[in-house]
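*Asks:* Handing you a structure now.
Computed from the coordinates by the stated procedures, all read-outs in this text should not be read as laboratory data. If you're wondering where the values come from, they're calculated on a predicted model, not measured in any experiment. Here the Cβ positions follow ideal geometry from the backbone for every residue, glycine too, while neighbour counts run over all protein chains shown.
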Amino acid sequence: MAGRIRIVPAIAIAVFLLGGIVSIPSMGNAAARNTFVRGIVGYVQGDMVTVSGKTYDLKGARYQDGNGVSLAQPVDLRGQTVEILFRGGKVETVTVYRTLPR
């Protein structure tokens, strides 16, 4: 019985420490959580766009120009050069660059 009384507080402390370690976000992979895609928009349907062969949903994204000035959502992004910034797997910002004449 005496051995059991000593092990219960040790288990409680271990569970508490493990819970604290798990709840702390990982600081080492911040770059993995923030990613971006840059390219020319090839296809547009509603909020869905295709850039470099992959389709992205831009619903709720903030739009800006190459200088960082906020834009209203452009009517047609087809043929525009864009940079899509993801934070935590969600699209956060779409930067629309001026397209040069061909």
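*Asks:* Output wanted: per-residue J couplings in Hz (rounded whole) for the stretch 39-48, from phi through Karplus 6.51 cos²θ - 1.76 cosθ + 1.60, θ = phi - 60°, x for Gly and Pro.
*Replies:* x, 9, 6, x, 9, 9, 8, x, 8, 8
*Asks:* Summing +1 for each Lys or Arg and -1 for each Asp or Glu, what net charge is found among the other residues whose Cβ lies under 13 Å from the Cβ of G39? Intermediate results must be reported in sequence, preceding the final value.
*Replies:* Numbers: positive: R38, K54, R78; negative: E83.
Around G39, the charge tally is +2.
*Asks:* Which net charge results for the neighbourhood of G66, defined as the other residues with beta-carbon distances under 15 angstrom from its beta-carbon, given Lys and Arg at +1 and Asp and Glu at -1?
*Replies:* Counting the neighbours of G66, the net charge comes to +1.
*Asks:* Residue separation times 0.36 nm, minus the C-alpha to C-alpha distance between E92 and N67: what's the value?
*Replies:* Answer, rounded to one decimal: 7.3 nm.
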